[in-house]
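**Q** Starting off with a structure, shown below.
The values are calculated or read from the model by the stated rules, or taken from the named source; none is laboratory data. All values reported here derive from a predicted model rather than from experimental measurement. Cβ placement follows ideal geometry from the backbone for every residue including glycine, while neighbour counts extend to all protein chains displayed.
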Amino acid sequence: MFLVPILLQVFLITLNAVFASAEIAVISMNDNKMKRMAMSGDKRAKRLLALTDQPARFLATIQVAITLAGLLGSAFAAENFAGELAQLLQNGGIEAPLNVLRSFCVFIITLILAYFNLVFGELVPKRVAMKNAEKLALAMSGMLKTVAKIFAPLVWLLTVSTNGILRLMRIDPEDEEDIISEEEIFMMLDQGNERGTIDIEESTFIRNVFAFDDIPVEQACTHRVDVVMLEIEDDMETWEKIILENRFTYFPICGEDSDDILGVLDTKTYFRLQDKSRETVMAEAVDKPYLVPETMKADVLLKNMRANRNHFALVLDEYGGVSGIITLRDLIHLLIGDMLEDMEEEEILSISEDTWRIMGCASLEDVSDELNIPLPVEEYETYGGFIFSELGKIPEDGTQFTIETSGMEIQVNQVENHRIGETIVRVVPRVDEDNQEE
């Protein structure tokens, strides 16, 4: 008696489940991946793109299908079950008017139907669709396209009606807000950090990218008191000593004071020169200073540096005085933060009891402390500058050599841009003079 109506209800609930899962599957699918699949020739992805190109129409189509399935289910249930069930209750001895029993049965049937419809027609299918979004979306693309064509007239009517009501409420139906805001991205990053799907370094990088266009150059530059400058009145020997003692690529050249910048020395060009006279250096290795205001934003400066192929800029305050300097490296540091330091090699690394790997940029004072050897730390700032002094010349790039000095056997493995790179240092045991005499 109830077999056919029950099968009909199962069919309608299944229909509801199909459209509910289709809605979630399509919405949950990655848009970029879907576009790549469509570009590679996947017809299913192309159909989905055509559907989601107008999301309002797609959602309206799904909603029409789900609503019709629900309405038909309720109507058939009331028609097929309520009368028969009310008659059975009356025949079973319940003394009440038949119309009252029928209304009661409609209420009970509606509750039962709502339960099955919610569980099997909505909640379970949507959870399944979230877990298998891509597979389900692609599999149902053909069916969804057919349904969209069937319901197109009804969807058009609903869309026109909805847009008309929105316009009466002074809401522009064509006005679309940004898909996702900066705040929402930060919330997604926080959730990703909590779940472990996004690393802290990745999250920091993304946040730095958003903050990059808000940071003035003043916050990222090296202040003038920390800038090493070359003075025009000094001789070339003094210049070379300063260059060798400090591991910098660019040096501002000042005249009467630190605000009178005459040019910027590029040490890469400087070390290539055979003739290092003042006239040749000023003509060949000194560039015109690139001046920027300290209020300029970091992203604007990065674009300008790329366009003009500059790696070094002088930062000026509001009165035209030198506030500091900023390099391309400083701007990159704003983006990737401490990851830049993490990628750099450790300057002093102990290999064994009497052997160390030391980079040329290491502080000579740190080397002296680590190796427990007295070195002329007041005369030289960097370990590389000390080696140049002991060697008595500037080696060519790519050369390797070994020197012994101050109780150390220094094997230089790397010379790049006329700078000392990696060295291996072995402490040579000192022999007492008394033992030598014996």
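**Q** Suppose the filter is part of a helix (DSSP H, G or I), modelled with pLDDT under 90 and under 33 Å from the mean Cα position of the chain (by Cα); does Asn208 pass it?
**A** So Asn208 passes the test.
**Q** Also: Scan segment 262-285 residue by residue and report those that are touching a Ser or Thr at 6+ places or on another chain (Cβ under 8 Å) and among the charged types (D, E, K, R).
**A** Answer for segment 262-285, where residues must be touching a Ser or Thr at 6+ places or on another chain (Cβ under 8 Å) and among the charged types (D, E, K, R): Asp266, Lys268, Glu284.
**Q** Could you tell me which of the residues Phe107, Phe76 is in contact (Cβ under 8 Å) with a residue 40 or more places away in the chain and in the same structural domain as Phe19 (by TED's automatic domain parsing)?
**A** That would be Phe76, the only listed residue that is in contact (Cβ under 8 Å) with a residue 40 or more places away in the chain and in the same structural domain as Phe19 (by TED's automatic domain parsing).
**Q** Residues being part of a helix (DSSP H, G or I), at pLDDT 85 or above and of a type outside the set (A, V, I, L, M, F, W, C): count how many of those fall in segment 37-90.
**A** Going through segment 37-90 one residue at a time, the tally reaches 7.
**Q** Collect the residues in segment 93-124 that are farther than 23 Å from Asn16 by Cα and either of a type outside the set (Asp, Glu) or touching a Cys at 6+ places or on another chain (Cβ under 7 Å) (or both), keeping them in residue-number order.
**A** Scanning segment 93-124 gives Gly93, Ile94, Ala96, Pro97, Leu98, Asn99, Val100, Leu101, Arg102, Ser103, Phe104, Cys105.
**Q** Given the conditions (1) over 49 Å from the mean Cα position of the chain (by Cα); (2) surrounded by 15 or more Cβ atoms within 10 Å (Cβ to Cβ); (3) at pLDDT 80 or above, report the number of the one that Ile112 does not fulfil.
**A** Failing condition for Ile112: (2).
**Q** Ile165 is checked against (1) more than 30 Å from Asp42 (Cβ to Cβ); (2) of a type outside the set (Ser, Thr, Tyr); (3) modelled with pLDDT under 80 and fails just one. What number does that condition carry?
**A** (3)
**Q** Continuing with this model, one more query. Could you please let me know if Phe186 is aromatic (Phe, Trp, Tyr), at pLDDT below 90 and within 30 Å of Ile6 (Cβ to Cβ)?
**A** no
**Q** Considering only residues that are within 20 Å of Glu23 (Cβ to Cβ) and either out of contact with any helix residue (DSSP H, G or I) (no Cβ under 6 Å at 6 or more places or on another chain) or in contact (Cβ under 8 Å) with a residue 12 or more places away in the chain (or both), which ones fall in segment 38-56?
**A** Arg44, Ala45, Arg47, Leu48, Leu49, Ala50, Leu51, Thr52, Asp53, Gln54, Pro55, Ala56
**Q** Could you tell me which residue of segment 368-381 is farthest from the chain's Cα centre (by Cα), considering only residues that are touching a residue at least 40 places away in the same chain (Cβ under 8 Å) and under 14 Å from Arg426 (Cα atoms)?
**A** Looking at the filtered set, the residue picked out is Ile373.
**Q** Right, something else. Select from segment 118-134 the residues that are surrounded by fewer than 21 Cβ atoms within 10 Å (Cβ to Cβ) and either of a type in the set (A, V, I, L, M) or touching a residue at least 60 places away in the same chain (Cβ under 8 Å) (or both) and list them in ascending order.
**A** Answer for segment 118-134, where residues must be surrounded by fewer than 21 Cβ atoms within 10 Å (Cβ to Cβ) and either of a type in the set (A, V, I, L, M) or touching a residue at least 60 places away in the same chain (Cβ under 8 Å) (or both): Leu118, Val119, Phe120, Glu122, Leu123, Val124, Lys126, Val128, Met130, Asn132, Ala133, Glu134.
**Q** Then there is this: Please go through segment 227-249 and pick out each residue that is outside any loop (DSSP other than H, G, I, E, B) and touching a helix residue (DSSP H, G or I) at 6+ places or on another chain (Cβ under 7 Å).
**A** Hits for segment 227-249 are Leu230, Met236, Ile243, Leu244, Glu245.
**Q** Please go through (1) out of contact with any Leu (no Cβ under 7 Å at 6 or more places or on another chain); (2) closer than 30 Å to Gln9 by Cα for Ala129 and return the number of the only condition it doesn't satisfy.
**A** Here Ala129 clears every test but (1).
**Q** Same structure, new question: Looking at Leu314, Leu375, Leu349, which is the one that is in contact with a Phe, Trp or Tyr (Cβ under 9 Å, 6 or more places away or on another chain), modelled with pLDDT of 90 or more and in the same structural domain as Asn413 (by TED's automatic domain parsing)?
**A** Leu375
**Q** I'm trying to understand the selection: among the residues of segment 221-238, which are closer than 20 Å to Thr382 by Cβ and under 42 Å from the mean Cα position of the chain (by Cα)?
**A** Those that are closer than 20 Å to Thr382 by Cβ and under 42 Å from the mean Cα position of the chain (by Cα): Thr222, Val225, Asp226, Val227, Val228, Met229, Leu230.
**Q** Out of all the residues in segment 387-403, is one or more under 12 Å from Glu245 (Cα atoms) and either in contact with a helix residue (DSSP H, G or I) (Cβ under 8 Å, 6 or more places away or on another chain) or assigned by TED's automatic domain parsing to the domain that holds Gln274 (or both)?
**A** yes
**Q** Okay, next question. Which pairs turn up if I take residues in segment 249-272 that are closer than 30 Å to Pro395 by Cα and look for partners that are assigned to a loop (DSSP other than H, G, I, E, B) and modelled with pLDDT under 85 with beta carbon separation below 7 Å, at least 6 apart in sequence or on another chain?
**A** As it stands, the answer is Lys268/Asn417; Phe271/Ile394; Phe271/Asn417; Phe271/His418, since those pairs meet every condition given.
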